[in-house]
Amino acid sequence: MTFESNIRPIQWSGDHVKLIDQTVIPYECKTVDIKTWKEMADAIRDMIVRGAPAIGVSGAFGVALAAREFLDSKDNEDFIQRLELMGQYLKATRPTAVNLMWAVDKQIDLAKSMAGSISEIAQGLEENALRMLEEDIEINQKIGEHGAKIVPQGATILTHCNAGALATAGYGTALGVVRSAYAQDPTIQVFADETRPRQQGARLTAWELVNDKIPTTLITDGMCGYFMRRGKIDVVVVGGDRIALNGDTANKIGTYTVALAAKAHNVPFYVAAPYSSIDTSIETGDNIPIEERSHDEVTHINGKTVCPEGVNIINPAFDVTPAEYITGIITETGIYAPSELKQAVLSGV
Ligand code: MRU
């Protein structure tokens, strides 16, 4: 059963993209107009749009915007070269979530494969970005339907970061599971980790779920073990930024700690993610590049410093949860144990 949810972080307005500005939620809900590929690259880097599938779809629109800007290319070869150069820049804005690389490469491969004039190719890229947006919502609804099966009656679901409508084209992956489970059983509830340093759990997950009237309790990151030991958490569902073929999963920093606590307390731990988050070029998570972000994210909260000057800072934005801590990976085609993932993905199930 699908839950009605209308949050759409990425919208195409005919000649530009409108992004919900995720840096100002929950204080404000406003959109930002993105008219050039460079503005899109900045929006992804500055996290106006964030979340693996959402930056993938945004990247696809970035290529479509670039194509409109490159209509004055000398010939098709020059056009493709300019797109490729731009694609390198766009993909480097956020290095961990593989969906961005997947979507940009898909668009550039499409441009290369198309016969026709430059403006026809540009039109094809715009149509394909729109298709990817619609498909992402459908994929999330399927993830939700599959995932709802693992949520026990009346369960409390713990989630980390924001893997919701805001992190995708709509509906969400982990929160897609929550939404579909809630549609069937309105007695379920969510515990949302705050998710330092950028507080996606407090600012975004809590905002989405309160909007949808799904009962939600906000906890700080260090509290998850406490509540698991007291038997308050029935299942953990998180998203994924890059999943290796063996199931090792990169997700927001702190996810690994939640998985360790879940293992210690026999709480099932699921990753909900589309195939576009699976990096078929890597066997394990050992070589997943981990984005290091600005130290200000750790030293400041809401523009105010929270520590003495001179203290050393380190700020990895993601960690990798080894497959052995993951009960299952919820995808658009079904739920797989990490050991079954490679076969499912490579056989094209
Ligand atoms: O740094 P962010 O906010 O882009 O990190 C987002 C996450 O870690 C999400 O859990 C992940 O992208 C999955 S989103 C469906």
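The values are calculated or read from the model by the stated rules, or taken from the named source; none is laboratory data. These figures come from a predicted structure and were not determined experimentally. Glycine gets a Cβ as well: all are built from the backbone with ideal geometry, and neighbour counts include every protein chain shown. Please note that ligands, DNA and RNA were not included when accessible areas were found on the heavy atoms of the full protein model with its side chains. Shrake-Rupley method; radii C 1.70, N 1.55, O 1.52, S 1.80 Å.
Heavy-atom accessible surface of the chain, averaged per residue, reaches 41 Å², computed with a 1.4 Å probe.
Rounded to a whole number, what is D in µm²/s for region 10-138 from Stokes-Einstein with the Kirkwood radius over alpha-carbon pairs (20 °C, 1.002 mPa s)? Calculated translational D: 148 µm²/s. Have a look at G247, G231, G239 and tell me which one the Gaussian network model of the chain (Cα, springs below 10 Å) gives the largest fluctuation. Looking only at G247, G231, G239, the largest GNM fluctuation is found for G231.
Which residues make up the longest stretch of the chain clear of trypsin sites (Lys or Arg not before Pro) that lie in a DSSP loop with no more than 12 other Cβ atoms within 10 Å, not counting the sites? Let's see the in-between values first.
Values: sites that count: K30, K74, K213, R230.
It runs 75-212.
Between rounded, prolate and oblate, where does region 131-219 land on the alpha carbon gyration tensor, with a ≥ b ≥ c its root eigenvalues, rounded for a/c under 1.5, else prolate if a/b exceeds b/c? Oblate shape, in that a/c is at least 1.5 and b/c is the bigger or equal ratio. Listed by number, the DSSP H helices of the chain that run 18 Å or longer by alpha-carbon position along their axis and have mean Kyte hydropathy of at least -0.5 are 52-69, 98-113, 118-148. Averaging the Cα positions of each part gives two centres, and for region 175-248 and region 307-337 these lie 14 Å apart. Heavy-atom surface analysis with a 1.4 Å probe gives region 166-242 a carbon and sulfur content of 50 percent of its accessible area.
Among the chymotrypsin sites (Phe, Trp or Tyr not before Pro) within region 1-60, those in coil by DSSP and having at most 10 neighbouring Cβ atoms inside 10 Å are Y27.
Entry note, the chain: relative contact order of 17 percent, from Cα contacts under 8 Å with a spacing of 6+ residues.
Structural descriptor for region 188-328: relative contact order 26 percent, calculated from alpha carbon pairs under 8 angstrom and at least 6 residues apart.
Put simply, the amide H of L218, placed in the peptide plane, has neighbours under 5 Å in A192, leaving out anything fewer than 5 places away on its chain. Would region 197-320 count as rounded, prolate or oblate if I go by the C-alpha gyration tensor, calling it rounded below 1.5 in a/c and otherwise prolate when a/b exceeds b/c, oblate otherwise? The shape class here is oblate.
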